[in-house]
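Data block below; observations after.
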Amino acid sequence: MIELVARPEKLGYDAEKQEKNVTEEGRLAALEARIATLEDEQAIARVLADYSLALDWLDDGTLDRVFWDDAEIDYGFFKGSGADFKPILMEVERSMGRRWHFTSQLRTAIEGNSARVTGYNLSLATDGVASTEDSRLTGFFGFYNDRMEKRDGRWAIAGRKHILVAGTDLPDTAITGDLSALNTIGATGTDHPDFASLPIA
């Protein structure tokens, strides 16, 4: 009868190979998790960019995707649901001749399908569509404290509180002389000739 005995060096090789495979699997899993986090962070940043674009171009369809209808919204002058807030917000924006919104310096903490997000906010608005010597710009500086949720693979705002730091009133600059050679935005909307080129479809 022949007794088969595994050689010690063979056992050591198998153990080393198994440990290497486990290590590689762990590294791959960690890499996949990091990629997923980066993709979520990018998707969240896009939602906040879409918020600004939706307001500035008066794009109801894009704004509808920014907030979940059951979102809890607190802007001070408005406290309620996302469904109720969206038309009110657009009514405010449509009452202005020009508007410009900016969000930056995002900090994001993602936990599964929910995230806490804060960003710096700057917005400008004026009554007139065109810049004149008498026109003024109203500016607001503040923060957005957001709670976002991913549902069916899509991120949107599930909670938002706007915190105002300061407001200001600035003189506008009349677009005349050499400045008249620049492209001016005019009245915005989804029928604007430049709207179709925006990557927000």
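Readers should treat all values here as calculations from the given coordinates under stated rules, not as data from a laboratory. Keep in mind it's a predicted model, so treat the numbers as computed, not measured. So basically every Cβ, Gly included, is an ideal-geometry build from the backbone, and we count neighbours across all protein chains shown.
Below are the figures for this structure:
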| quantity | calculated |
| --- | --- |
| In degrees, nearest ten, helix 82-94 long axis to first principal axis of the chain (Cα) | 40 |
| Sequence-separation-based contact order of region 142-198, relative, with Cα cut under 8 Å and 6+ spacing, percent | 25 |
| Region 79-178: GluC sites (Glu not before Pro) in DSSP loop, at most 11 other beta carbons within 10 Å | Glu133 |
| Length-normalised contact order of the chain in % [C-alpha pairs under 8 Å, at least 6 apart] | 18 |
| Rounded to 10°, Cα long-axis angle of helix 8-56 versus longest principal axis of the chain | 10 |
| Expected 222 nm ellipticity per residue - DSSP helices of 4 or more, -39500 (n - 2.57), all of the chain, to 500 | -12000 deg cm²/dmol |
